[in-house]
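Worksheet: one structure, shown below.
The values are calculated or read from the model by the stated rules, or taken from the named source; none is laboratory data. This one's a predicted model, so the numbers in the text were calculated from it and none came from an experiment. No Cβ is skipped: glycine too gets one built from the backbone with ideal geometry, and neighbour counts run over all protein chains shown. Remember, those area values only see protein heavy atoms, side chains included, never the ligands or the DNA or RNA. Shrake-Rupley method; radii C 1.70, N 1.55, O 1.52, S 1.80 Å.
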Amino acid sequence: MADENQHYQWCIIGAGVAGIAAVGKLLDSGIHGSRILWVDDQFKVGDIGTKWHSVPSNTKVELFIRFLKECDSFQFNKRSNTFFIEKLKPDETCQLKHIADPLQWVSDCVLKEITTVKGIASHLKVKNHCWEISTSEGNFKSSNVILAIGGEPNSLEYNNLTEISLKDALDYEKVKLACDGAKSVAVFGSSHSAMIIVRNLVELNLPRIVNFYLEPLKFAQPMENWTLFDNTGLKGSTAHWARKNINGNLPENLYRYPATDENINNHLYSCEKVIYATGFSARKIKVAELADLKHNVTNGIIAPGLFGFGIAFPEHVVDPFGYKEVNVGMWKFMAYINRVLPLWLRYGL
Ligand SMILES: Cc1cc2nc3c(=O)[nH]c(=O)nc-3n(C[C@H](O)[C@H](O)[C@H](O)COP(=O)(O)OP(=O)(O)OC[C@H]3O[C@@H](n4cnc5c(N)ncnc54)[C@H](O)[C@@H]3O)c2cc1C
């Protein structure tokens, strides 16, 4: 049980894939489990564990498995059971539910080693040379804090239209229910998520699907030893579907328009429902000393002893042609923390 009088060495807020990687790497680096505090409202593997089960991944099976085997403290190599994902072809993508199950197993495994608080962290402040973390379950002290709090989908909020949540739109059965009886549905975006949703709606045979986009579709293109549009390009089965159905040869029930004011005025308001697949913004947490939660985009440092990690605080990367992207994905988080943790271990209050 978490102790309000104890001074922890590390506190991790968030138990999605980023939080799991952070806890695993801290344990592997020799920090004793009794000195680590982990805070999450559910401990159900964040968004991958609770929202995107039926979504086709853009990561190959081999990288998912590499994540699970990367930390000794995950004990994945010592398990006696076999997970379904291990039977899949390593160089193919899969539904995200297949990685959610082993991640929950790994999360439960490290949970036993450390102290946890099942609740919401509301704010942080520096007090007596350490961070004080206020949560729904009490106030705790830690020398260092890693924020791995994830993000929420952006919304554009056009008036007079009923919004279908991104979570429901990405799930074929749920979007089928949400669109029951609708003749016309709008989708904003051209990302991986947007194309999965457009595909869901096309396959539901809705009479009219209107897709507003800002940019042409991007496809991830493997090169010699790097990938063009690795983070923003379509991959796997979604890329395959989009190449076949979007470029120049639209299904009969799909209409696509650049998201200009004129197109929106002409084509949006005849739709009954709308779905926004327009990216994510970091979840919020109040830090007393800081007006704005800005992280250094090359090393995750927010302030001494305070670090941002995961989709809320992504690393920015530049490809060999100088094109910048945010680096998001389970394996990318793991590779990143391998590089930044030695720095975080030295950059305390
Ligand atoms: C359609 C789609 C497909 C995707 N496909 C892939 C893929 O193939 N491969 C891949 O690697 N990634 C994929 N992703 C991305 C992946 O879902 C995210 O990168 C990942 O979930 C982010 O993990 P995270 O740990 O940063 O955040 P989250 O998963 O959001 O976890 C954050 C956790 O912190 C908790 N939390 C937040 N605030 C607080 C607080 N104040 N107090 C306590 N707890 C708090 C939350 O409840 C949650 O449990 C996909 C995403 C989408 C939308």
Counting only residues in segment 90-130 that are out of contact with any strand residue (DSSP E or B) (no Cβ under 9 Å at 6 or more places or on another chain) and aliphatic (A, V, I, L, M), the one farthest from the ligand (Cβ to nearest atom) is identified as Val106
Scan segment 81-95 and report the pairs whose first residue is aliphatic (A, V, I, L, M) and whose second residue is in a loop (DSSP other than H, G, I, E, B), with Cβ atoms within less than 6 Å and a gap of 6+ or a chain change. Leu88/Cys94
Kindly list, by first and then second residue, each pair from a residue in segment 144-164 that is more than 30 Å from Phe309 (Cβ to Cβ) to a residue that is at pLDDT 90 or above and surrounded by fewer than 19 Cβ atoms within 10 Å (Cβ to Cβ), limited to pairs with Cβ atoms under 6 Å and residues at least 6 apart or on different chains. Ile164/Ala178
For segment 261-273, pairs from a residue that is hydroxyl-bearing (Ser, Thr, Tyr) to a residue that is at pLDDT 95 or above and assigned to a helix (DSSP H, G or I), with Cβ under 7 Å and 6 or more apart or across chains, are none
Could you check Leu201 against (1) within 30 Å of Gln6 (Cβ to Cβ); (2) within 16 Å of the ligand (Cβ to nearest atom) and say which number it fails? (1)
Does at least one position in segment 214-222 carry a residue that is more than 25 Å from the chain's Cα centre (by Cα) and modelled with pLDDT of 95 or more? no
State all residues of segment 265-286 that are surrounded by 19 or more Cβ atoms within 10 Å (Cβ to Cβ) and in a strand (DSSP E or B); if no residue qualifies, say none. Lys273, Val274, Ile275, Tyr276
For segment 1-41, give me each residue that is surrounded by fewer than 24 Cβ atoms within 10 Å (Cβ to Cβ) and either at positive phi or in a loop (DSSP other than H, G, I, E, B) (or both). Met1, Ala2, Asp3, Glu4, Asn5, Gln6, Ser29, Gly30, Ile31, His32, Asp41
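Tally time: how many residues in segment 89-113 are surrounded by 14 or more Cβ atoms within 10 Å (Cβ to Cβ) and closer than 18 Å to Trp331 by Cα?
Looking only at that region, the number is 15.
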Within segment 52-74, take every residue that is more than 7 Å from the ligand (Cβ to nearest atom), at pLDDT below 95 and in a loop (DSSP other than H, G, I, E, B) and give me the one that is nearest to Ala312 (Cα to Cα). His53
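Where in segment 291-342 are there strands (runs of 3 or more DSSP E), lying fully within it, with 1 or more residues that are away from the ligand (no atom under 15 Å from the Cβ), farther than 21 Å from Gly16 by Cβ and among the β-branched types (Val, Ile, Thr)?
Output list reads 315-318.
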Among the residues of segment 236-248, is any open to solvent by less than 80 Å² (accessible area, probe 1.4 Å), in a strand (DSSP E or B), of a type in the set (A, V, I, L, M) and under 30 Å from Leu177 (Cβ atoms)? no
Residue tally, condition open to solvent by less than 60 Å² (accessible area, probe 1.4 Å), over 18 Å from Trp331 (Cα atoms) and in contact with a helix residue (DSSP H, G or I) (Cβ under 7 Å, 6 or more places away or on another chain), over segment 42-78: 3
Going through segment 133-150 in order, the residues found to be in contact with a helix residue (DSSP H, G or I) (Cβ under 8 Å, 6 or more places away or on another chain) and within 13 Å of the ligand (Cβ to nearest atom) are Ile146, Ala148, Gly150
Where in segment 102-204 are the strands (runs of 3 or more DSSP E), entirely inside, with at least 3 residues that are in contact with a His (Cβ under 9 Å, 6 or more places away or on another chain)? 130-135, 138-147
How many residues does segment 21-43 contain that are under 25 Å from Ser165 (Cβ atoms) and more than 7 Å from the ligand (Cβ to nearest atom)? 1
May I ask you to list the residues in segment 187-198 that are over 18 Å from Glu152 (Cβ atoms) and more than 10 Å from the ligand (Cβ to nearest atom)? Val187, Ser190, Val198
So, Leu161, is that one at pLDDT below 95 and open to solvent by less than 50 Å² (accessible area, probe 1.4 Å) or not? yes
All positions within segment 135-158 that are more than 23 Å from the chain's Cα centre (by Cα), open to solvent by 50 Å² or more (accessible area, probe 1.4 Å) and within 23 Å of Phe313 (Cα to Cα): Lys141
Tally the residues that are over 23 Å from the mean Cα position of the chain (by Cα), in contact (Cβ under 8 Å) with a residue 60 or more places away in the chain and open to solvent by 10 Å² or more (accessible area, probe 1.4 Å), restricting the search to segment 118-134. 3
